[in-house]
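This report refers to the structure that appears directly beneath it.
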Amino acid sequence: MNPLQAGKVKKMDVTTIRHIRSILEDNLPSIMEENNLKFELGNATYDDDSVKFNGFRISLLHALSPEEKALKGQIDFRRSYDGLVTLDDSIIAEDRGQQFKLVGFKPRARKKPFIIEDIKTGGRYVCPESMAERLFKEVK
């Protein structure tokens, strides 16, 4: 039974929060798309009488994600300084029989800051700088 029906919510709990998330994910996308916007919901934290969704982001419909923006910045940075390996995000690289493309960068991640995506499955993985440089080195 849906705890949100007929004003029966007495306490915030996991089930109630799932229903709230479902309502937001079912109803907000159509409203946002009409206005050329999109939204993302992160994890939720809650207590007895409130819930907060972390990572709630509203952006233009075709805007780059923060990781994609960071990758563009990293590529531009590497191109502007001599001695750094320049990367090309248009390269489709092959590693162990799988094809990958470079799709993002996490500036705060120390060990594995680059995000790659499997072309076939769409799965996303993080990789170290050495692997990104080996697979996506720009050919001059």
**Asked** Points 7 angstrom from Cα along the Cβ direction at Ile119 and Phe39: gap in nanometres?
**Response** 3.7 nm
**Message:** Place a point 7 Å from Cα of Asp95 in the direction of its Cβ. Which residues in region 110-140 have their backbone N less than 14 Å from it?
**Reply:** 111-119, 123-137
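Could you estimate the translational diffusion coefficient of region 1-128 from the Stokes-Einstein equation, with Rh from the Kirkwood formula over C-alpha pairs, at 20 °C and 1.002 mPa s, in whole µm²/s?
119 µm²/s
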**Complete:** Longest principal axis of the chain (C-alpha) makes with the long axis of helix 66-80 (C-alpha) an angle, in degrees to the nearest 10, of 20 degrees
**Complete:** Under 5 Å from the placed amide H of Ile119, counting only residues 5+ away or on other chains, we find Gln99, Phe100, Lys101
**Message:** Between Ser130 and His62, what's the calculated FRET efficiency when r is the beta-carbon distance and R0 is 30 Å? Round to 0.05.
**Reply:** 0.40
**Prompt:** For region 51-114, what is the relative contact order in percent, using Cα pairs closer than 8 Å and at least 6 residues apart in sequence?
**Reply:** 29 percent
**Request:** Would you work out the relative contact order for the chain, in percent, from Cα pairs under 8 angstrom that are 6 or more residues apart?
**Result:** 15 percent
**Item:** Under Karplus coefficients 6.51, -1.76 and 1.60, residue-wise ³J(HN,Hα) of region 101-111 in Hz, glycine/proline x
**Value:** 10, 7, 10, x, 9, 10, x, 8, 7, 8, 7
**Complete:** If one compares the long axis through the Cα atoms of helix 14-34 with the longest principal axis of the Cα atoms of the chain, the angle in degrees, nearest 10, works out at 70 degrees
**Message:** Just to check I understand the Karplus step: with θ = phi - 60° and J = 6.51 cos²θ - 1.76 cosθ + 1.60, what whole-Hz values come out for region 38-45, glycine and proline as x?
**Reply:** 9, 9, 10, 10, x, 5, 10, 10
**Extended-chain gain in nm, criterion 0.36 nm per residue less alpha-carbon gap, Val9 and Ser80** = 19.9 nm
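Every number in this text was worked out from the coordinates using simple rules, so none of it is lab data. Everything numeric in this text was worked out from a predicted model, so none of it was measured. We place every Cβ from the backbone using ideal geometry, glycine too, and count neighbours over all the protein chains shown.
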